Amino acid sequence: MTEQSDRILRHFDALDRKLQAKGFPATSPWWMARISEFYTSGKRRLTSRVGRRGGKSSTYCRLAVTEAVFGDHAVPPGDVGVVAIISARRPDALERLRTIKAILDAIGVAYTERGDSVELKTRPVVFTVFTASIAGVSGFTGIFVLCDEVAKWRDSDTGANPAAVVISSVAPTMATQPNAKLFLSSSPMGLLDAHADAFALGNTAHQMVCQAASWEANPTLTEAGTKADEPDEVIWAREYAAIPQAEGETSHLTEALVARCTRAGDMTMAYDDRHTYTAAIDPATRGNAWTLVVACLSDNQVRRIVLAREWRGTRKQPLVPGSVFAEIALLLQPYGLKYVHSDQFSEDAMREIARQKGLSLLVTPWTAGLKADAYDALKTLAQESRLDVPPDPAVKTDLLGIRTRLTRTGTVYELATQGARHSDYAPAIAMAVTLCRVPAVPIPREMTEAEEGEAFKTAFLLDREKERKRTERRGALPVTHGPLGRAARR
């Protein structure tokens, strides 16, 4: 073990004990053993395959702070050492930064916030977050690089996982820093992504690998508890047991999930003036159905599909877009809508035809990345019982037709052909749900007598406080301006 490694391990242990004294959970024995083994080995890269909620982010944020505050890094004068946190999505990266700030606050280390960065006041070190893209991870001096949930990175335009190129780009940032470390952390997806490739190399002269199920890395979890959280055996094996799945096609939404979010009420829901509505179409003229979906966001954060309609043409008798738009305009009238969202399918011609029928066509560039995000959001909403769809067999068939396939470049989302259908409602529902963001106006509730009394008391005290502050600034008002003076003037 080098002097630097011994120094980091001692400070990491001391930091962990300080955090426990402040109410933070202890780093688990499994993680303590892996961190010790890694630093003792003198290797430069740790590739960890650990299940969801297995303590990956918490442990690595503590280690990042330890390296930043106590690490021996040869940063040239005028330069700063960068602790880089690279995540699939910006909100995830910022969450790691919030954890780091909480740790710095707990141990009393001063820092300055600069946008999406946190800079130490006592050392030339800055914590900076990046989203996983080829262009954004070069040009800095890296002393600690955390690649977070690598197997799940996705380019926003192509939907492909850019990990292989990002990792190749980030490695040179550490070239002048002999004590810099690179951490590739993720729960697994398939067997062919960049994280799986790195893990498959095993322990080498430059890399150490480690693997643990969620409950092994985080003993506050149990295997039975994780199975209760995720009843789907394939997803559970991947996300919690940390077993990557062989590349193959699976259904994105299960029948149980679709059943959970299918209402027992009416197929179509009437207009409600408390709601703001959003309409989306997935146009087609031959074979596939042209679908229309109207959605709203309720005041309890449920996204509700209030109307679903389709038109179907054939190769011999294709749909006439003008006729379809005319019918759509009539269907949207009760919801106060004169616009509809669509993808870029023949956008110039479609926009003009819609305009002739009194509709504005709002085109969303429906890239592979946006589709993937929308289908992922759809699944999350269903899992959290925040999606409500009509009891339409075609809607059910189409939602079940969203398929995921693991490939070397990440998860690919495909729409299955089932009988005469090509999952035609799925894109329109995903788009409408994604764009539906204005919640309903809550129903006003009459206050009880006790609540009215409390409201009056609160308003009175606020008025008194305002008057006190005004008096402190400008002095007391003449008696003629007080309540008695105003009454006398009246």
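The values are calculated or read from the model by the stated rules, or taken from the named source; none is laboratory data. Bear in mind the structure is a predicted one, so any value in this text is a computation, not a measurement. Please note: Cβ atoms are built from the backbone with ideal geometry, for glycine as well, and neighbour counts cover all protein chains shown. Keep in mind that these areas ignore ligands, DNA and RNA; they rest on the heavy atoms of the full protein, side chains included. Shrake-Rupley method; radii C 1.70, N 1.55, O 1.52, S 1.80 Å.
Brief remarks on what is shown
- Condition met for THR448 (among the β-branched types (Val, Ile, Thr), surrounded by fewer than 19 Cβ atoms within 10 Å (Cβ to Cβ) and modelled with pLDDT under 85): yes
- From TYR39, TYR60, residue being more than 31 Å from the chain's Cα centre (by Cα) and either crowded, with 21+ Cβ neighbours inside 10 Å or not aliphatic (A, V, I, L, M) (or both): TYR39
- Filtered by the rule that a residue be touching a residue at least 12 places away in the same chain (Cβ under 8 Å), farther than 21 Å from GLU384 by Cβ, outside any strand (DSSP E or B) and open to solvent by 40 Å² or more (accessible area, probe 1.4 Å), region 246-275 gives ALA246, GLU247, ASP266, MET267, THR268, ALA270, TYR271, ASP272, ARG274.
- Restricting attention to region 197-226 and to residues that are of a type in the set (Asp, Glu) and either within 21 Å of PRO29 (Cα to Cα) or free of Cβ contacts under 8 Å to residues at least 12 places away in the same chain (or both), the residue that is most open to solvent (accessible area, probe 1.4 Å) turns out to be GLU216.
- Here LEU337 fits the description: part of a loop (DSSP other than H, G, I, E, B), closer than 26 Å to MET267 by Cα, touching a strand residue (DSSP E or B) at 6+ places or on another chain (Cβ under 9 Å) and aliphatic (A, V, I, L, M).
- Those residues of region 382-431 which are under 18 Å from the mean Cα position of the chain (by Cα), modelled with pLDDT of 90 or more, over 19 Å from ASP232 (Cα atoms) and of a type in the set (Gly, Ala, Ser), in sequence order: ALA430
- Test for VAL50: is it aliphatic (A, V, I, L, M) and open to solvent by 10 Å² or more (accessible area, probe 1.4 Å): no
- For region 16-33, the candidate set comprises residues that are closer than 16 Å to VAL50 by Cβ and assigned to a helix (DSSP H, G or I); within that set, the residue that is least open to solvent (accessible area, probe 1.4 Å) is TRP31.
- Boolean, ALA382 is touching a Gly at 6+ places or on another chain (Cβ under 7 Å) and surrounded by 18 or more Cβ atoms within 10 Å (Cβ to Cβ): no
Let's see how each residue does on (1) part of a helix (DSSP H, G or I); (2) of a type in the set (Lys, Arg); (3) open to solvent by less than 60 Å² (accessible area, probe 1.4 Å):
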position	(1), (2), (3)
TRP311	no, no, yes
ALA349	yes, no, yes
ALA354	yes, no, yes
LEU362	no, no, no
